[in-house]
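The values are calculated or read from the model by the stated rules, or taken from the named source; none is laboratory data. Nothing here was measured: the structure is a model prediction, and the numbers come from that model. So basically every Cβ, Gly included, is an ideal-geometry build from the backbone, and we count neighbours across all protein chains shown.
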Amino acid sequence: MVYPTQELPFDKLTTVDEKVDFLHKQLTDFQGQIVTSQLSLNKLLETGEPTMAKRQKQFIFKHTLDPLSGLTDHERLPMLKTVRTITIHFPDGCNALVDVAVGFSRDKRLLPAGGYLSLNDATPTWVINKEITDTDTLWVEIRNSDAVNTHAISVMVNYEEYEEVEA
């Protein structure tokens, strides 16, 4: 089988002068784009409107539950954020006896849509990409239905937060 070869515009140029002219045009076009972007940014800053920057953040819920116990933990998150991923660590020995659910507000679920997650010796990550526009409370509910053993469960929520950038 013969595979097609990819030709770049630069490959067709033969003389040094042609190559220099080609690169000069590329740099000039790129410089024009930078100037246009800078002018747009200056206009935005002149209006006095706040500009926003994304910040990657995470919150970790980590709890050790006694046998036959449960808890719900809450963490208040600021406005304008997107929950990107949720990672839950179920240590060896959980044997599907520890249930976990993650959500926001009072009754809105992020993971799972209904019921609870129960695993053993696993640390899965779920991609969520859920935008939350209000100031909300993130919550995690953990239940240990093991009558003998305590279990340490960790839930890591990675999110993007939009913060105002000063001019």
- Note on the structure: Wholly inside the stretch 90-154, strands (runs of 3 or more DSSP E) that include 3 or more residues that are closer than 20 Å to Thr64 by Cβ are 98-104, 136-144
- Within the stretch 39-55, is even one residue modelled with pLDDT of 80 or more, in a strand (DSSP E or B), on the phi < 0 side of the Ramachandran plot and of a type outside the set (Ser, Thr, Tyr)? yes
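One line per residue, one yes/no per condition, for (1) at pLDDT below 90; (2) closer than 16 Å to Phe59 by Cα; (3) of a type in the set (Lys, Arg); (4) not assigned by TED's automatic domain parsing to the domain that holds Gln58:
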{"residue": "Glu75", "(1), (2), (3), (4)": "yes, yes, no, no"}
{"residue": "Ala101", "(1), (2), (3), (4)": "no, yes, no, no"}
{"residue": "Arg106", "(1), (2), (3), (4)": "yes, no, yes, no"}
{"residue": "Gly114", "(1), (2), (3), (4)": "yes, no, no, no"}
{"residue": "Leu117", "(1), (2), (3), (4)": "no, no, no, no"}
{"residue": "Asn120", "(1), (2), (3), (4)": "no, no, no, no"}
{"residue": "Thr137", "(1), (2), (3), (4)": "yes, yes, no, no"}
{"residue": "Ala147", "(1), (2), (3), (4)": "no, no, no, no"}
{"residue": "Glu161", "(1), (2), (3), (4)": "yes, yes, no, no"}
- Query: Does the stretch 114-134 include one or more residues that are under 30 Å from Lys54 (Cα atoms) and of a type in the set (Phe, Trp, Tyr)?
  - Reply: yes
- Message: Restricting to the stretch 4-18, name every residue that is modelled with pLDDT under 75 and either of a type in the set (A, V, I, L, M) or assigned to a helix (DSSP H, G or I) (or both).
- Response: Leu8, Pro9, Phe10, Asp11, Lys12, Leu13
- Query: Give me the pairs: first residue in the stretch 103-129 and of a type in the set (Asp, Glu), second residue loosely packed, with under 12 Cβ neighbours inside 10 Å, beta-carbon distance under 8 Å, and six or more apart or on different chains, which are they?
  - Reply: Asp121/Asp92
